[in-house]
Amino acid sequence: MAEQYTYSATGRRKCATARVYLRYPGTGQFTVNARPLDRYFTRETSKMVLLQPLTLTEQVGNFDIVVNVRGGGHTGQAGAIKHGIARALTSANPDFRPILKRAGFLTRDARKKERKKYGQRGARARFQFSKR
């Protein structure tokens with residue numbers, strides 16, 4: 001039997017955190033929170049987003065991917081998984097780093113929801129003002 005290698009990385013986006021494990025050589029299995037990818041993400045756009053690092057480096061089907069993701073919504077979780085996959089691919093093969101860096105997949109997207117402030121209706125929205 002061929003020797004197996006496992007590469008792990010953490011990806012984050014908004015409030016979502018994803019722990020990604022890549023197993024090489026693999027058959028292309030993709031598991032998210034102990035469920036197949038198609039059962040966890042129903043939107044095609046979410047699936048497309050998280051597979052972007054693999055398609056860019058032409059590694060689709062070469063790895064078995066196991067992901068544990070918590071927090072946030074579906075879009076944030078997909079972004080966190082994308083970030084984690086990109087980081088794990090660079091640890092698997094350092095030659096992928098310039099490709100993924102140029103595409104912006106290794107940069108942590110630090111944008112988060114701004115909190116609501118007291119005396120206001122929302123984060124930036126104010127209550128209606130009337131002089132009279």
Being assigned to a strand (DSSP E or B), surrounded by 13 or more Cβ atoms within 10 Å (Cβ to Cβ) and at pLDDT 90 or above is the filter here; which residues of segment 24-59 pass it?
30, 31, 32
Within segment 100-120, work out how many residues are without any contact (Cβ under 8 Å) to a residue 40 or more places away in the chain and either closer than 16 Å to residue 84 by Cα or among the basic types (Lys, Arg) (or both).
9
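Here's the yes/no breakdown for (1) in contact with a Leu (Cβ under 7 Å, 6 or more places away or on another chain); (2) surrounded by 12 or more Cβ atoms within 10 Å (Cβ to Cβ); (3) at pLDDT 90 or above; (4) within 21 Å of residue 109 (Cα to Cα):
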| site | (1), (2), (3), (4) |
| --- | --- |
| 2 | no, no, no, no |
| 17 | no, yes, yes, yes |
| 77 | no, yes, yes, yes |
| 88 | yes, yes, yes, yes |
Return the residue satisfying two criteria in turn: it lies in segment 18-56 and is touching a residue at least 60 places away in the same chain (Cβ under 8 Å) and out of contact with any helix residue (DSSP H, G or I) (no Cβ under 6 Å at 6 or more places or on another chain), and of such residues it is nearest to residue 112 (Cα to Cα).
19
Count of residues meeting criterion [exposed (fewer than 15 other Cβ atoms within 10 Å of the Cβ) and in a helix (DSSP H, G or I)] in segment 91-107:
7
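Residue-wise test of (1) free of Cβ contacts under 8 Å to residues at least 40 places away in the same chain; (2) assigned to a loop (DSSP other than H, G, I, E, B); (3) among the aromatic types (Phe, Trp, Tyr); (4) farther than 25 Å from residue 37 by Cα.
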residue	(1), (2), (3), (4)
77	no, no, no, no
83	no, no, no, no
89	no, no, no, no
122	yes, yes, no, yes
127	yes, yes, yes, yes
Index of the failed condition, residue 118 passing every other in (1) assigned to a loop (DSSP other than H, G, I, E, B); (2) surrounded by 11 or more Cβ atoms within 10 Å (Cβ to Cβ)
(2)
Going through segment 68-81 in order, the residues found to be in contact with a Gly (Cβ under 7 Å, 6 or more places away or on another chain) and over 12 Å from residue 15 (Cβ atoms) are 81
When residue 62 is run through (1) surrounded by fewer than 13 Cβ atoms within 10 Å (Cβ to Cβ); (2) in a loop (DSSP other than H, G, I, E, B); (3) of a type outside the set (Gly, Ala, Ser); (4) free of Cβ contacts under 8 Å to residues at least 40 places away in the same chain, the failure sits at (1)
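The values are calculated or read from the model by the stated rules, or taken from the named source; none is laboratory data. What you are looking at is a predicted structure, and each value in this text was computed from that prediction instead of being measured. We place every Cβ from the backbone using ideal geometry, glycine too, and count neighbours over all the protein chains shown.
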